[in-house]
Amino acid sequence: MRRLPFRFFALILVLLLAGCADNNRLLKNLAKSDIDFVADAHLREMNRLLQTLLTKLYKRNPRELQKASGISVEQRQQQIFAAPGRLIFAELDNRQGTDALELAFDPNFSGDRVFAVMVGLTGMVRGSYGWQQEQFLFDSLDPQQLFDCARNLEILAWRLSNRRDAKGELLLLTNSRSDEEENLSFERLYGKMIAVQDLLAFVLAGRLDRGISRVAQGALSSAVFLPMGL
């Protein structure tokens with residue numbers, strides 16, 4: 001006799017609990033596979049790390065926040081993280097993803113470089129998760145997008161530590177300078193974000209029996225962001 005799947009019995013239980021306050025959550029969970037739960041956990045961690053990075057960048061570069069009169073770090077957090085979806089702001093010429101990141105490193109850009117970095121990076125991460133806050137059974141993440149996002153994080157980390165203005169000053173301060181006490185907290189943060197993206201990319205690639213195109217070392221050394229199709 002054929003055994004009915006566990007999800008069938010779970011669905012019956014949900015229907016019997018129609019008056020339960022957690023009904024919506026139970027229904028949503030039934031529409032998720034194990035890998036969906038894993039992807040959701042990775043995205044939550046990425047959002048937490050992104051918010052930490054925003055705070056650290058403004059603390060290290062307070063002059064950038066002053067370029068937008070009357071705005072606070074908390075307001076910047078709200079602008080970027082309060083709502084899902086694409087991030088489009090007139091003060092960044094409506095640029096998104098890697099285009100916003102490029103703007104942050106444009107020597108002629110007079111706006112808030114931290115805001116440009118965080119808008120570009122957050123949009124890039126959201127795009128790698130299909131612009132969704134949660135994954136469900138019929139959703140399909142692309143491991144290549146997650147992998148390419150991780151490589152762009154590596155390129156961003158290098159640029160933040162090396163790109164300078166005409167006077168030889170770093171466009172944005174992150175790691176400690178030669179005259180300061182050593183501080184590798186930014187490097188650790190980048191490493192965590194890269195690891196989160198790479199881990200999910202390889203898990204998905206294995207599950208889907210799909211290969212990942214490795215980026216040639218020359219592409220990374222050129223410090224050119226990989227196109228993400230955002």
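Results, tabulated for the structure shown:
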{"quantity": "Number of the condition not met by GLU169 [criteria: (1) more than 19 Å from the chain's Cα centre (by Cα); (2) exposed (fewer than 15 other Cβ atoms within 10 Å of the Cβ); (3) in contact (Cβ under 8 Å) with a residue 24 or more places away in the chain]", "calculated": "(3)"}
{"quantity": "Of all residues in region 88-100 being part of a loop (DSSP other than H, G, I, E, B) and under 19 Å from ASP148 (Cβ atoms), the one that is least open to solvent (accessible area, probe 1.4 Å)", "calculated": "GLN96"}
{"quantity": "Among (1) over 21 Å from the mean Cα position of the chain (by Cα); (2) closer than 23 Å to ALA150 by Cβ; (3) modelled with pLDDT of 95 or more, the one test that LEU43 misses", "calculated": "(1)"}
{"quantity": "Count of residues meeting criterion [in a loop (DSSP other than H, G, I, E, B) and either closer than 20 Å to ASN108 by Cα or among the charged types (D, E, K, R) (or both)] in region 56-83", "calculated": "4"}
{"quantity": "Residues within region 172-182 that are loosely packed, with under 14 Cβ neighbours inside 10 Å and either in contact with a Lys or Arg (Cβ under 7 Å, 6 or more places away or on another chain) or of a type outside the set (Gly, Ala, Ser) (or both), tallied", "calculated": "5"}
{"quantity": "Those residues of region 56-66 which are of a type outside the set (Asp, Glu) and in contact with a helix residue (DSSP H, G or I) (Cβ under 6 Å, 6 or more places away or on another chain), in sequence order", "calculated": "LEU57, TYR58, ASN61, LEU65"}
{"quantity": "Test: residue in region 72-81 that is under 25 Å from SER185 (Cβ atoms) and open to solvent by less than 20 Å² (accessible area, probe 1.4 Å)", "calculated": "yes"}
{"quantity": "Filtered residues of region 122-135 (kept if part of a loop (DSSP other than H, G, I, E, B) and out of contact with any helix residue (DSSP H, G or I) (no Cβ under 6 Å at 6 or more places or on another chain))", "calculated": "GLY130, TRP131, GLN132, GLN133"}
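Per-residue answers, yes or no, for (1) farther than 30 Å from LEU208 by Cβ; (2) free of Cβ contacts under 8 Å to residues at least 60 places away in the same chain; (3) out of contact with any strand residue (DSSP E or B) (no Cβ under 8 Å at 6 or more places or on another chain); (4) part of a helix (DSSP H, G or I):
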| residue | (1), (2), (3), (4) |
| --- | --- |
| GLY85 | no, yes, yes, no |
| GLU102 | yes, no, yes, yes |
| ALA116 | yes, yes, yes, yes |
| GLY120 | no, yes, yes, yes |
| LEU146 | no, yes, yes, yes |
| CYS149 | no, no, yes, yes |
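The values are calculated or read from the model by the stated rules, or taken from the named source; none is laboratory data. Note that the structure is predicted; figures quoted are calculated from it, not measured. Please note: Cβ atoms are built from the backbone with ideal geometry, for glycine as well, and neighbour counts cover all protein chains shown. Side chains included, ligands, DNA and RNA excluded: accessible areas come from the protein's heavy atoms. Shrake-Rupley method; radii C 1.70, N 1.55, O 1.52, S 1.80 Å.
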